[in-house]
1. Testing T45 on (1) more than 29 Å from K249 (Cα to Cα); (2) touching a Lys or Arg at 6+ places or on another chain (Cβ under 9 Å); (3) more than 10 Å from the ligand (Cβ to nearest atom), one condition comes back false. Which one is that?
2. Against the condition touching a strand residue (DSSP E or B) at 6+ places or on another chain (Cβ under 6 Å) and not acidic (D, E), how does I200 come out, does it pass?
3. Name the residue, out of S391, S341, S310, that is of a type in the set (G, A, S) and closer than 21 Å to D265 by Cα.
4. Being in a helix (DSSP H, G or I) and either over 19 Å from L337 (Cβ atoms) or of a type in the set (K, R) (or both) is the filter here; which residues of segment 395-414 pass it?
5. For segment 133-147, give me each residue that is assigned to a loop (DSSP other than H, G, I, E, B) and over 11 Å from F108 (Cα atoms).
6. Can you pull out every residue in segment 294-317 that is in a helix (DSSP H, G or I), surrounded by fewer than 17 Cβ atoms within 10 Å (Cβ to Cβ) and aliphatic (A, V, I, L, M)?
7. Only one of I180, I211, I184, I200 is touching a Phe, Trp or Tyr at 6+ places or on another chain (Cβ under 8 Å) and either within 22 Å of F26 (Cβ to Cβ) or at pLDDT below 95 (or both). Can you tell me which?
8. Mind listing whichever residues of segment 245-263 are surrounded by fewer than 19 Cβ atoms within 10 Å (Cβ to Cβ) and either more than 19 Å from T13 (Cα to Cα) or of a type outside the set (V, I, T) (or both)?
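The values are calculated or read from the model by the stated rules, or taken from the named source; none is laboratory data. Note that this is a predicted model, so its numbers are computed, not measured. Neighbour counts run over all protein chains shown; Cβ positions are idealised from the backbone, glycine included.
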Amino acid sequence: MPEIRTRFAPSPTGYLHVGGARTALFNYLYARAKKGKFILRIEDTDQVRSTEASYHQVLDSLRWLGYEWDEGPEVGGAHGPYRQSERLHLYKEHADRLINEKKAYPCFCSTEELDRKKKQREAMGLPYVYDGKCRSLSETEVSEKKAQGLEHTIRFRSSAKEILVDDMVQGSVRFDTALIGDFIIVKSDGFASYNYAVVIDDHLMDITHVIRGVGHLSNTPRQIMVYDAFGWKPPQWAHVSEIVGSDHKKLSKRHGATPITAFRDLGYTARTFNNYMALLGWSSPEGHEYMALEELKSQFDVARCSKSPSMFDVFDLEKAADVDLAQVTIAELEKYLFPKSKLNWLSNQHIRNTSETQYIEEILPFVHSVGVVPEAETNVQNERLVSILLSLRVYLDTLGQIKEYLPDFYAPFAPRAEDFRDSEYFQSENFVSLAEAFLRQIGQMTQGEKLTHDAVKTGIQAVGKEINIKGKPLFMGLRLATTGRLTGLELPVYLELLGRERVVERVTKMVALKKEA
Ligand code: GLU
């Protein structure tokens with residue numbers, strides 16, 4: 001068995017979004033699962049649309065996702081160069097060979113002429129196929145036209161036949177090449193066209209498996225014709241299902257897709273995002289959903305991918321119908337996340353299961369950006385911060401959500417009366433006596449003594465006895481009196497983290513609010 005070699009071949013014409021990232025992931029995982037090689041190739045032959053900024057953006061995204069490529073830009077390898085713009089001589093050499101063998105020919109038809117013919121066909125409701133005008137030009141005619149300085153493309157000479165694409169995901173798909181005609185392999189600017197360059201590169205780079213989006217399936221017969229013309233063996237094809245958004249429409253740069261880095265900025269870890277993307281079209285043999293990258297790397301098989309579209313059910317696209325999600329700020333983007341998505345569920349699992357050290361390290365940048373924790377306390381040595389972060393982790397679906405919790409522990413107490421004013425616990429005639437009894441309990445503690453988890457528990461019991469209430473009215477009443485909230489962490493943990501001074505301040509303020517009411 002030859003070594004399995006897969007590749008991801010992005011065109012650097014924009015940011016990397018989930019469609020491209022999932023293709024990269026599947027190629028990466030398949031190579032790892034089969035102990036093969038994963039190659040990165042940059043398809044930058046579109047001179048107008050390719051940019052250096054996009055190239056760096058794509059590489060940064062791939063690095064964040066963690067797909068270390070075995071060969072490619074900035075890494076090198078035996079099959080380089082890995083940017084198509086540096087491989088023009090190879091496309092030229094091979095095109096010359098096809099011309100010499102009469103398998104390709106120069107075409108002098110102008111864009112205007114071709115456009116006109118195309119429109120005519122379309123007006124008649126017919127599909128456009130190149131009419132073969134330059135197919136039979138003699139060598140003299142060609143030389144004359146070149147001498148006149150006429151621009152030309154190079155066309156592949158195709159013949160009408162049926163081509164069978166044997167695809168690992170889509171099964172056997174038949175194409176009739178009569179509807180394809182003689183297609184352009186080298187553009188008039190000398191740059192190779194995609195369907196031609198991809199074949200030269202995949203062949204010279206010894207690619208064994210081409211895994212890409214199903215949108216490219218219709219390009220495959222052209223590519224097979226080029227393989228055949230050179231007498232080369234095509235790779236194995238695997239065209240994976242398309243990704244649709246929550247509105248069932250195809251996800252694209254214009255619809256519902258955002259740069260991959262937006263997920264990093266929202267506070268999803270790459271581990272989570274890879275886990276989620278792996279399930280877009282693939283399922284584990286045991287039906288597992290929560291999976292570590294290591295497991296994916298050993299279990300992934302493209303042959304298990306489904307033919308049906310997979311749904312990227314992360315953003316509420318009906319709510320975002322008029323919004324370009326790729327253009328909005330992270331704070332704005334967050335508003336369109338479904339709170340109960342599978343991505344959030346997986347993310348919560350990954351946050352809970354990370355080692356404490358890694359979790360703290362990963363969340364600190366988000367703590368920084370909340371801006372409520374004093375700079376000098378924002379570090380792994382700060383015990384109070386670390387305890388708060390560790391207690392909160394079970395509640396977090398993203399690391400970014402820490403911003404909803406931290407102000408409670410660090411900012412001045414600002415009760416939101418509208419949240420509890422009408423609750424039975426605030427309305428209860430016991431509220432003040434409950435609160436004051438708890439204050440007395442805390443007051444009995446010696447000065448400087450820490451309000452521990454256990455001390456809080458003992459205090460709650462004593463208050464219950466004194467006022468003669470128990471159960472929910474006792475716990476919820478005290479929660480409200482001590483924190484100004486009806487929800488939050490387990491109360492003893494919450495109060496220990498707040499510390500005695502803050503608790504006293506809160507109870508006093510809540511009592512005052514009740515008395516004013
Ligand atoms: N550059 C192409 C794209 O970004 C690659 C397609 C392929 O994988 O063959 O869609």
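1. If we test T45 against (1) more than 29 Å from K249 (Cα to Cα); (2) touching a Lys or Arg at 6+ places or on another chain (Cβ under 9 Å); (3) more than 10 Å from the ligand (Cβ to nearest atom), just (3) comes out false.
2. Numbers: touching a strand residue (DSSP E or B) at 6+ places or on another chain (Cβ under 6 Å): no; not acidic (D, E): yes.
It is false that I200 is touching a strand residue (DSSP E or B) at 6+ places or on another chain (Cβ under 6 Å) and not acidic (D, E).
3. Working: S391 fails: closer than 21 Å to D265 by Cα; S310 fails: closer than 21 Å to D265 by Cα.
The match here is S341.
4. Applying the first criterion (in a helix (DSSP H, G or I)) to segment 395-414 yields 395, 399-410.
Selection gives K403, L406, P407, D408, F409, Y410.
5. Of all residues in segment 133-147, those assigned to a loop (DSSP other than H, G, I, E, B) come to 133-138.
Within segment 133-147, S136, S138 meet the criteria.
6. If the condition is that a residue be in a helix (DSSP H, G or I), surrounded by fewer than 17 Cβ atoms within 10 Å (Cβ to Cβ) and aliphatic (A, V, I, L, M), then A303 is the only one that fits.
7. Values: I180 fails: touching a Phe, Trp or Tyr at 6+ places or on another chain (Cβ under 8 Å); I184 fails: either within 22 Å of F26 (Cβ to Cβ) or at pLDDT below 95 (or both); I200 fails: either within 22 Å of F26 (Cβ to Cβ) or at pLDDT below 95 (or both).
So the residue among I180, I211, I184, I200 that is touching a Phe, Trp or Tyr at 6+ places or on another chain (Cβ under 8 Å) and either within 22 Å of F26 (Cβ to Cβ) or at pLDDT below 95 (or both) is I211.
8. Just the residues of segment 245-263 that are surrounded by fewer than 19 Cβ atoms within 10 Å (Cβ to Cβ), to begin with: 247-250, 252-255, 261.
The answer is D247, H248, K249, K250, S252, K253, R254, H255.
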